[in-house]
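Computed from the coordinates by the stated procedures, all read-outs in this text should not be read as laboratory data. In this text the structure is predicted, and so the values were computed from the model without any measurement. Cβ placement follows ideal geometry from the backbone for every residue including glycine, while neighbour counts extend to all protein chains displayed.
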Amino acid sequence: MLEYITVIGIFDSGVGGLTVWQHVSDAAPQADLWYLADQANVPYGPRPLDEVRSIVTGVTDRLVLMGASTVVMACHTASAAALEEMRSRHPGIDFVGLEPAIKPATEWTTTGRVGVLATSTTLDGPLYARVVERYAGDVDIVTRPAPELVTMVEAGETDNAVVEDAVVPLIDAGIDALVLGCTHFGFLASEIAAVAGPSVHVIDPAPAVAAQVLRVADLNGSGTRNFETTGDEIAFVHQLERLIR
Ligand code: DGL
């Protein structure tokens, strides 16, 4: 009899989604995980929503074909462009997506100012607008697109001057909570926190998203870990060696 193996499919434009993958992998050693880095198309951030939606459709279909019963869009930009569409396209699949973590930030702030670092496409999309409308209340949200941080993480570089360029204007605006609105930024969390200073709470969404995956997904498998890239496979192997435990 044909045995159909289901996996938890996790994807991002590149390595950013590994921040979510790591938490899921640590907490669910028996789950079967399939990580897809769409590095032929990284970065998603500067692309229009329609273009990202079309790319994400192909990536999602691929994961469903590979046996994903849960698909984790470990990418704010992909979720902004296509989460609802993919839910309609694959009604039998559980989707977990990412929206900027405005809610915990507004609960944390005492200055009434919250910063969001994200991609332009995330900040321009209707999902972001809905999240702000639902949770911001009286809190001012100060945003800053930071595509250069995505490039830096993909390249495996850390340039503190680039981190400062992205973060200092938000600090100058008086924020005391900073939302990492792009999964790539989790790999720069300590550099970002160092620039932001001790009075700013930096919110990395990866643990909360992983917790949601653990609630909805089938965690009983053989503990397989598969990785795939649409880009350069050798370079991806080196990135994995550097970025995951
Ligand atoms: N890691 C992604 C996000 O959360 C996308 C970065 C990009 O490809 O621009 O938005």
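Observations on the model:
- Karplus-based coupling profile of region 163-180, in residue order and whole Hz: 4, 4, 4, 6, 8, 4, x, 6, 5, 4, 7, x, 6, 10, 9, 10, 8, 7, with θ = phi - 60° in 6.51 cos²θ - 1.76 cosθ + 1.60 and x standing for Gly or Pro.
- Local electrostatic count at R89 - Lys and Arg +1, Asp and Glu -1, tallied over other residues with Cβ under 11 Å: -1
- Using alpha-carbon coordinates, inclination of helix 206-216 to the longest axis of the chain, degrees: 40 degrees
- Estimated [θ] at 222 nm from DSSP helical runs (n ≥ 4, -39500 (n - 2.57)) normalised by residues in the chain, nearest 500: -14000 deg cm²/dmol
- Binned Cα-Cα distances of region 57-153, short to long, each 10 Å bin given as a whole percent: 15, 40, 30, 13, 2
- Angle between the chain longest axis and helix 233-243 axis [Cα atoms, degrees, rounded to 10]: 60 degrees
- Computed extension gain for A40 through T57, at 0.36 nm per residue and net of the alpha carbon distance, reaches 4.7 nm.
- Note, ³J(HN,Hα) from phi for region 5-22, Karplus 6.51, -1.76, 1.60, rounded to Hz, x at Gly and Pro: 9, 9, 10, 8, x, 10, 9, 8, 5, x, 8, x, x, 5, 5, 6, 3, 4
- Taking a point 7 Å from the Cα of A211 along the Cα-to-Cβ direction, the residues of region 59-96 with backbone N closer than 18 Å to it are 96.
- Under 5 Å between amide hydrogens, built in the peptide plane, is the criterion, and for V96 it picks out V71, V72, M73 among residues at least 5 positions away or on other chains.
- Region 151-245: Rg to Rh, with Rh as the Kirkwood radius over Cα pairs: 1.04
- Burial order of peptide ranges 76-86, 134-144, 11-21 (average beta-carbon count within 10 Å, highest first): 11-21, 76-86, 134-144
- Anisotropy class of region 75-219 from Cα gyration tensor, a/c 1.5 cut: prolate
- Near the amide H of V7, within less than 5 Å, lie the amide hydrogens of A68, S69, T70, all on another chain or at least 5 residues away, with H placed in the peptide plane.
- Relative contact order of region 1-52, defined on C-alpha pairs under 8 angstrom at six or more residues apart (%): 44 percent
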